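Participant: This is the structure I have questions about; it appears just below.
The values are calculated or read from the model by the stated rules, or taken from the named source; none is laboratory data. Since this is a predicted model, take the numbers as computed values, not measurements. Because the Cβ atoms are built from the backbone with ideal geometry, glycine has one as well, and the counts that use them run over all protein chains shown.
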Amino acid sequence: MSPHPPAAALAGLPPRPSVALVAWALALLLGLQPVTTDIYLPALPALTRDLGASMSAAQLTMSALILAFGLGQLFWGPVADRVGRRPVLLSGLALYTAASVGSMLAADIETLIVWRVLQGAALAAAVVCARAMLRDLYEPQQGAQVMSLGLSGLGVIAITGPVVGGLVAATWGWRAALAVVALMGAVTLIFVALRLPETLPVKNPRATALAPLLANWLRIGRHPTFLAWTLLVSFTYGGLFTILAGSSFVYIDILGLSPAAYGLAMGSASTSYLLGTFACRRWVGRMGMARTVRRGAFFSLAGGVLIVVLALAGVQAAWAVLLPQWLFAFGHGVHQPCGQAGAVGPFPEAAGAASALAGFVLAATAFAVGLWLGQALDGRVLPYALGLGFWSLLTAIVAWTLVQRHGEARRP
């Protein structure tokens with residue numbers, strides 16, 4: 001893989017960032033998403049009890065954040081195409097850090113939900129700019145390899161996040177866990193301010209004009225390559241969000257794990273995800289993106305089928321949830337780098353808008369999962385297992401059909 005983007009993409013920009021710097025930036029910016037959810041997860045049952053909240057209200061602290069995250073991308077993506085990546089990143093990260101502090105200090109569940117909505121809207125700026133920045137600098141297959149390198153760093157964050165969250169929540173309470181989230185936002189803001197240059201080669205002054213924007217989204221949304229990769233990423237994230245939003249109640253309330261033990265369980269699943277990103281980087285270089293996700297889909301489906309079979313058999317043990325979760329997480333580590341690079345691949349001139357639209361579809365999927373879990377969790381593992389099985393099946397179907405037909409990026 002050449003570490004250098006095309007020369008045309010660098011006209012008028014500062015010296016191009018190295019692959020290592022881009023990978024660090026991707027790890028931190030995309031890593032804020034698991035930081036926002038994973039560190040928070042071990043504290044969720046205690047938070048629910050402390051604030052006297054219902055199960056559905058507790059789930060809303062996750063699903064409302066995700067909905068704001070999706071809608072926020074529709075705003076930040078076009079703005080990033082108009083004014084550049086750095087201004088959007090600096091503004092979004094400052095708001096994210098402030099909202100994280102507000103979440104930590106919330107006195108009731110309603111106030112916490114409001115701060116989490118702001119946090120999700122701000123998080124959107126980090127994620128949409130990270131994906132757009134990748135397309136500014138690399139062609140899709142190169143971008144998938146660089147993305148997998150960045151997501152390996154994200155995997156390390158995802159491994160340590162729930163472990164740290166579990167230990168901090170068990171020792172100092174749920175507010176301390178949210179303080180760690182605020183600290184990570186501040187660290188990322190400082191990194192971007194000091195190290196990350198602008199990557200957008202040409203600003204589009206009409207990117208936020210309503211009529212061209214709607215026409216652009218329609219053009220992007222109808223592109224078969226965009227649809228194939230966006231559905232893949234959204235469906236695999238639907239399974240991941242089932243884990244994120246439901247696993248703390250399954251492991252802690254149903255299976256009796258302590259918050260610290262739950263953090264270790266989630267950290268081990270993140271290790272499997274990390275191994276999946278390693279496999280993705282290796283396989284993409286040898287066989288391309290479409291064949292890579294075709295192979296990864298076997299792991300996704302195996303995890304979903306296994307957890308459903310064990311739950312239907314009445315096995316209620318931590319290993320019966322964790323082993324399928326490992327398999328699914330490995331598949332997710334394969335699908336995510338390819339899907340995120342593939343969705344924006346056909347649109348180098350509108351990477352922000354394409355990234356925003358893909359992110360909105362993903363977030364809408366996760367929001368629906370959160371609403372469903374708030375009603376479906378009933379003290380048994382089975383609803384959780386059926387949810388993971390459903391999304392694993394859809395992931396495999398898309399990976400084996402639409403991606404194989406339309407996965408190669410073609411300009412619209």
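Participant: Is it fair to say Leu51 is touching an Asp or Glu at 6+ places or on another chain (Cβ under 7 Å), farther than 22 Å from Ile159 by Cβ and modelled with pLDDT under 85?
Facilitator: Answer is no for this residue.
Participant: Among Gln316, Gln325, which is over 15 Å from Ile243 (Cα atoms) and either out of contact with any Ser or Thr (no Cβ under 6 Å at 6 or more places or on another chain) or surrounded by 24 or more Cβ atoms within 10 Å (Cβ to Cβ) (or both)?
Facilitator: None of the others qualify; the one that does is Gln316.
Participant: Quick check, is Trp115 in contact (Cβ under 8 Å) with a residue 24 or more places away in the chain, over 29 Å from Met289 (Cβ atoms) and of a type in the set (A, V, I, L, M, F, W, C)?
Facilitator: Against the criterion (in contact (Cβ under 8 Å) with a residue 24 or more places away in the chain, over 29 Å from Met289 (Cβ atoms) and of a type in the set (A, V, I, L, M, F, W, C)), Trp115 does not qualify.
Participant: Looking at the stretch 190-206 only, could you name the residues that are over 29 Å from Val35 (Cβ atoms) and crowded, with 17+ Cβ neighbours inside 10 Å?
Facilitator: Pro201, Asn204
Participant: Quick test of your reading of the structure: Leu402 fulfils all but one of (1) buried (at least 24 other Cβ atoms within 10 Å of the Cβ); (2) modelled with pLDDT of 90 or more. Name the failing condition by number.
Facilitator: (1)
Participant: Given the criteria under 30 Å from Gly102 (Cα atoms), surrounded by 15 or more Cβ atoms within 10 Å (Cβ to Cβ), under 23 Å from the mean Cα position of the chain (by Cα) and modelled with pLDDT under 95, does Trp217 qualify?
Facilitator: Considered against the rule, which asks whether it is under 30 Å from Gly102 (Cα atoms), surrounded by 15 or more Cβ atoms within 10 Å (Cβ to Cβ), under 23 Å from the mean Cα position of the chain (by Cα) and modelled with pLDDT under 95, Trp217 comes out as no.
Participant: Related question: Of everything in the stretch 330-354, what is under 25 Å from Gly276 (Cβ atoms), touching a Leu at 6+ places or on another chain (Cβ under 9 Å) and not aliphatic (A, V, I, L, M)? Give them in sequence order.
Facilitator: Answer for the stretch 330-354, where residues must be under 25 Å from Gly276 (Cβ atoms), touching a Leu at 6+ places or on another chain (Cβ under 9 Å) and not aliphatic (A, V, I, L, M): Phe330, Gly331, His332, Gly333, His335, Gln336, Pro337, Cys338, Gly339, Gln340, Gly342.
Participant: Here is a follow-up. Can you find a residue in the stretch 344-358 that is at pLDDT below 90, of a type in the set (Val, Ile, Thr) and at negative phi?
Facilitator: For the stretch 344-358, residues at pLDDT below 90, of a type in the set (Val, Ile, Thr) and at negative phi: present.
Participant: Which condition does Arg281 not pass, out of (1) surrounded by fewer than 19 Cβ atoms within 10 Å (Cβ to Cβ); (2) touching a residue at least 40 places away in the same chain (Cβ under 8 Å); (3) basic (Lys, Arg), if it passes all the others?
Facilitator: Here Arg281 clears every test but (1).
Participant: While we're looking at this one, here's another question. With the checklist (1) buried (at least 18 other Cβ atoms within 10 Å of the Cβ); (2) without any contact (Cβ under 8 Å) to a residue 40 or more places away in the chain; (3) of a type outside the set (Val, Ile, Thr) in hand, flag the one item Ala265 doesn't pass.
Facilitator: With respect to (1) buried (at least 18 other Cβ atoms within 10 Å of the Cβ); (2) without any contact (Cβ under 8 Å) to a residue 40 or more places away in the chain; (3) of a type outside the set (Val, Ile, Thr), Ala265 is out only on (2).
Participant: Taking the stretch 74-102 on its own, how many of its residues are within 17 Å of Gly120 (Cβ to Cβ) and not in a helix (DSSP H, G or I)?
Facilitator: Residues in the stretch 74-102 being within 17 Å of Gly120 (Cβ to Cβ) and not in a helix (DSSP H, G or I): 0 in total.
Participant: I'm told Leu200 meets every condition in (1) aliphatic (A, V, I, L, M); (2) assigned to a loop (DSSP other than H, G, I, E, B); (3) over 21 Å from Gly84 (Cα atoms) except one. Can you identify the failing condition by its number?
Facilitator: (3)
Participant: Further question on the same structure: Contact list please: Cβ distance under 7 Å, first residue in the stretch 217-230 and of a type in the set (S, T, N, Q), second residue part of a helix (DSSP H, G or I), pairs at least six apart or on different chains.
Facilitator: Filtered contacts from the stretch 217-230: Thr225/Gly342; Thr225/His406; Thr230/Ala343; Thr230/Ala358; Thr230/Val361.
Participant: Being over 28 Å from Pro348 (Cα atoms) and either of a type in the set (A, V, I, L, M, F, W, C) or not in a helix (DSSP H, G or I) (or both) is true for just one of Leu151, Leu118, Leu123. Which residue is that?
Facilitator: Criteria check complete, one pass: Leu118.
Participant: Within the stretch 85-102, can you find the residues that are without any contact (Cβ under 8 Å) to a residue 40 or more places away in the chain, surrounded by 22 or more Cβ atoms within 10 Å (Cβ to Cβ) and among the aliphatic types (A, V, I, L, M)?
Facilitator: Passing the criteria: only Ala99.
Participant: Which of the following residues is surrounded by 21 or more Cβ atoms within 10 Å (Cβ to Cβ), under 20 Å from Ser100 (Cβ atoms) and either of a type in the set (A, V, I, L, M, F, W, C) or modelled with pLDDT of 95 or more (or both): Val164, Val168, Val233, Val187?
Facilitator: Val168
Participant: Going through the stretch 72-84 one residue at a time, which ones are within 15 Å of Ala354 (Cβ to Cβ) and surrounded by 24 or more Cβ atoms within 10 Å (Cβ to Cβ)?
Facilitator: Gln73, Trp76, Gly77, Pro78, Ala80, Asp81
Participant: Just wondering, is there one or more residues in the stretch 128-136 that are modelled with pLDDT under 90, more than 17 Å from Gln336 (Cβ to Cβ) and in a helix (DSSP H, G or I)?
Facilitator: yes
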